[in-house]
Amino acid sequence: MTMNSIEVEELLKVLEAIRAEKYPDIPPELIKNIIQAQFENQDDRAQGRRNTKKLIDDFLKEAVKES
């Protein structure tokens, strides 16, 4: 089942509320970028996973540098 842009926007709103309440140290851009990577690659799940993994890896590398 493919998602449309309205469903993605609704998902982003819900995830942002959860992130802000429970995980404020995670930047909202990371969540948005992950959702966007998944949405853009919903027909190629392997590519979506690779893009998501790269986003998370880059975030973690930056977090380690800053600490």
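If you check Lys65 against the conditions, is it modelled with pLDDT under 95 and loosely packed, with under 10 Cβ neighbours inside 10 Å? First the steps, then the outcome.
Working: modelled with pLDDT under 95: yes; loosely packed, with under 10 Cβ neighbours inside 10 Å: yes.
In short, yes.
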Consider Ala17 carefully, then state whether it is closer than 29 Å to Ser67 by Cβ and modelled with pLDDT of 95 or more. yes
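Report, by residue number, each residue of the stretch 37-58 that is loosely packed, with under 15 Cβ neighbours inside 10 Å and either touching a residue at least 60 places away in the same chain (Cβ under 8 Å) or in a helix (DSSP H, G or I) (or both).
Step one: list which residues in the stretch 37-58 are loosely packed, with under 15 Cβ neighbours inside 10 Å, which gives 40, 42-47, 49-50, 53-54, 56-58.
Glu40, Arg45, Ala46, Gln47, Arg49, Arg50, Lys53, Lys54, Ile56, Asp57, Asp58, listed by residue number.
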Complete set of residues in the stretch 1-19 that are exposed (fewer than 15 other Cβ atoms within 10 Å of the Cβ), in contact with a helix residue (DSSP H, G or I) (Cβ under 8 Å, 6 or more places away or on another chain) and farther than 24 Å from Ala46 by Cα: Glu16
In this structure, does Ile26 turn out to be β-branched (Val, Ile, Thr), surrounded by 13 or more Cβ atoms within 10 Å (Cβ to Cβ) and not in a helix (DSSP H, G or I)? yes
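The values are calculated or read from the model by the stated rules, or taken from the named source; none is laboratory data. Keep in mind that what you see is a predicted model, and the values were worked out from it rather than measured. Cβ: placed from backbone, ideal geometry, glycine included. Neighbour counts: every protein chain shown.
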